[in-house]
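Just below is one structure, and these are the notes that go with it.
A short reminder: the numbers here are calculations on the coordinates, not readings from a lab. All of these numbers come straight from a predicted model, not from anything done at the bench. All Cβ positions, glycine included, derive from the backbone under ideal geometry; neighbour counts span all protein chains shown.
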Amino acid sequence: MVSQNGIKLAVHVITNHFGNLVANVCEYLLRKGPLTLEELVRFTELTSEQVKNSLLVLIQHNCVQAYSHEEEGLSMNVGGSTTAAKANTKYLAIFDNILHRLRFPKFLAIVTQKLDKECVELLEGLLQDGRLTTKQMVARASQRGLGEDVVRDCLLKLVTSQYVERCPAREPVICKLVTDETTAKINEVPEALEQSILAAAVPVDAIRFSVTKNTGFCINKEISSNSSTITGVGEKRKLDSLELDTKPDAKEEEPVLWRANFEEFIRSLRHTACIENVRMRLDDGAAIILSAILEATRREEKKVKMKTSVPLSLNSIFEAVMKTKDSCIMTLDRVRASLVQLGCPQRVPDDSYSIGLNSIIELARNDEVESVVLKRYGRDAYRMFRLLSKADRLLDTDKISDTTFVEKKDTPKVLYKLWKDKYVHMEKLILMGFKQSEVLLWRVNKPELWEHILDEMYRATLNLSTRLAYEKEKGNAVLNVPKEKSVGAAEKSFQLLEASVMKLDDALMLFHDF
């Protein structure tokens with residue numbers, strides 16, 4: 001569940017982007033879970049029109065998903081007859097999508113590296129406006145001197161790369177929500193509930209990443225499924241035969257809305273984090289192998305938080321490596337050696353290899369927490385924490401002191417500081433004998449520690465974002481000066497804060513999104 005500091009951060013983001021009125025509605029959805037329009041009006045004490053407009057803004061920017069909840073059973077009419085119970089429309093705040101608004105610069109940077117400038121501009125419009133039809137994208141691009149053909153080609157590239165997708169269903173019907181066990185805590189949204197609602201709204205991939213007639217483009221010719229293409233429902237189409245459909249049908253179909261695919265961007269950032277961690281811990285060769293494997297299997301990943309990479313044979317891995325710019329320095333023997341470095345034993349039955357991505361993420365988390373402990377509590381505390389983290393079991397105070405070479409009188413003091421701040425777990429053991437004695441046992445409870453660290457990061461990000469908003473408002477006159485002329489202290493302070501927020505968000509994603 002999202003902590004209170006996480007909710008405060010999300011509300012702060014919405015307030016900065018859309019104002020207090022919209023943030024008020026969003027806050028109640030985050031704190032109380034899915035609510036109907038009537039419930040929101042009652043809780044927020046706003047007018048029905050104000051709540052509706054706020055919900056429209058949140059839905060437009062992919063921060064809220066509407067769904068219909070069908071009540072089980074029958075309802076009794078006045079005359080004694082029975083009818084099926086009506087479905088209630090509820091609104092669910094999507095916490096992750098709200099925080100993704102902080103990552104828009106990172107998303108644009110990814111597309112800048114992979115595609116051309118026009119694709120970046122098209123994606124920028126989708127990030128700014130939330131959801132757009134093809135006609136709206138063409139109208140927006142025309143203001144920048146870009147024609148329909150450019151929009152067509154850019155949209156195809158973005159959808160082919162899965163950086164852009166069709167918007168989910170407006171109001172999916174959910175028949176059965178959650179069991180009694182998952183609703184033990186009032187006003188909490190179980191993760192399974194949110195996932196089931198979002199999964200019901202998302203169309204299948206054949207539709208999700210397709211460009212067909214009702215999208216505003218008309219597609220006429222087939223292409224091979226092995227090429228980089230967009231697949232329509234029931235047919236495969238050729239990219240260069242895409243044209244704007246100018247003939248209205250007798251029954252005009254509803255235009256398709258497009259949005260940025262946050263899931264693909266987070267997957268890309270997760271892959272980058274894994275590759276850079278491997279590069280730092282091992283060497284460039286292992287990083288090249290991991291990068292090639294992840295790129296070759298990206299389309300086969302069913303979710304972002306994959307525990308392991310999709311299995312690949314040694315020949316397939318070598319072929320993927322040969323497609324990289326560093327292929328000239330890689331031999332088959334070096335590929336084998338790098339796979340061993342990555343802790344990737346060969347799977348005998350099908351001669352394939354799979355890399356543990358979760359273990360790489362956990363090592364990165366350990367490094368992040370150890371750096372925090374070192375900066376905050378000093379080197380002695382760092383050695384103790386590192387010992388407990390690696391041991392992953394209870395150790396007594398004397399054992400910790402002897403292993404880390406810290407004075408026995410200082411060891412309990414340092415451990416108490418770490419325990420007080422929830423970095424280590426303590427248990428008391430009473431020894432009965434000639435003389436009763438008490439032994440303190442210590443360990444690192446990683447699941448609890450990750451939750452605590454994440455909450456601290458929410459709070460730190462909120463504080464930095466609040467300061468950033470203050471500096472931006474305070475130095476508004478300075479910020480309007482062109483960057484090449486802006487060398488003042490206010491501008492430097494703003495840039496430093498902005499970089500700090502982005503850096504802290506990298507760590508936040510490590511514990512929440514990866």
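Using a ≥ b ≥ c from the Cα gyration tensor of the range 324-471 (square roots of the eigenvalues), is it rounded, prolate or oblate, where a/c under 1.5 gives rounded and otherwise the larger of a/b and b/c decides, a/b for prolate? Note, shape of the range 324-471 comes out oblate. Estimated at 0.36 nm per residue, the fully extended path between Ser371 and Asn315 surpasses their Cα-Cα distance by 16.2 nm.
How many angstrom separate the Cα center of the range 103-118 from the Cα center of the range 269-304? Distance between centres, Cα-based: 19 Å. Packing-based ranking of 41-48, 416-423 yields 416-423, 41-48, ordered from highest to lowest mean Cβ neighbour count within 10 Å. Multiplying the residue separation of Trp450 and Lys303 by 0.36 nm and removing their Cα-Cα distance gives an extension gain of 50.8 nm.
Database remark: amide H of Val64 closer than 5 angstrom to the amide H of Ile59, Ile94 (H placed geometrically; neighbours at sequence offset of 5 or more, or on other chains; Pro and chain starts carry no H). The lysine pair tally for the range 281-391, using Cα distances under 24 Å and a gap of 8 or more places or different chains, is 4. With both labels modelled 7 Å from their Cα along Cα-to-Cβ, the Met432 to Arg393 distance reads 2.5 nm. Measuring against 23 Å, Cα to Cα, the residue pairs Lys106/Lys422; Lys135/Lys157; Lys8/Lys472 contain Lys106/Lys422 as the ones spanning a longer distance. With a Förster radius of 51 Å applied to the beta-carbon distance between Asp410 and Glu254, the computed FRET efficiency rounds to 0.15.
Available extension along the chain between Met502 and Leu21 is 170.5 nm, counting 0.36 nm per residue and deducting the alpha carbon span. Near Asn261, the amide H atoms lying under 5 Å from its own belong to Val164, Glu165; only residues 5 or more places off or on other chains count, and H is placed 1.01 Å from N. If R0 is taken as 30 Å, the Cβ-Cβ distance between Lys420 and Gln341 corresponds to a FRET efficiency of 0.15. Modelled spin labels at Leu363 and Ile329, positioned 7 Å past Cα toward Cβ, are 1.9 nm from each other.
Looking at the square roots a ≥ b ≥ c of the eigenvalues of the Cα gyration tensor of the range 117-157, which shape do they give, rounded for a/c under 1.5, prolate if a/b is larger than b/c, or oblate?
Rounded, because the longest to shortest axis ratio a/c is under 1.5.
In order along the range 395-402, the phi-based Karplus estimate (6.51 cos²θ - 1.76 cosθ + 1.60, θ = phi - 60°) of 3J(HN,Hα) comes to 10, 7, 4, 5, 4, 5, 5, 5 Hz; Gly and Pro are listed as x.
Computed from the C-beta positions of Asn463 and Cys175 and an R0 of 35 Å, the FRET efficiency is 0.25 to the nearest 0.05.
In this simple spin-label model, placing a label point 7 Å from the Cα along the Cα-to-Cβ direction at both Arg281 and Arg208 gives a separation of 2.9 nm.
Summary of packing: across the peptides 1-7, 491-497, the per-residue average of other C-beta atoms within 10 Å ranks them, highest first, as 1-7, 491-497.
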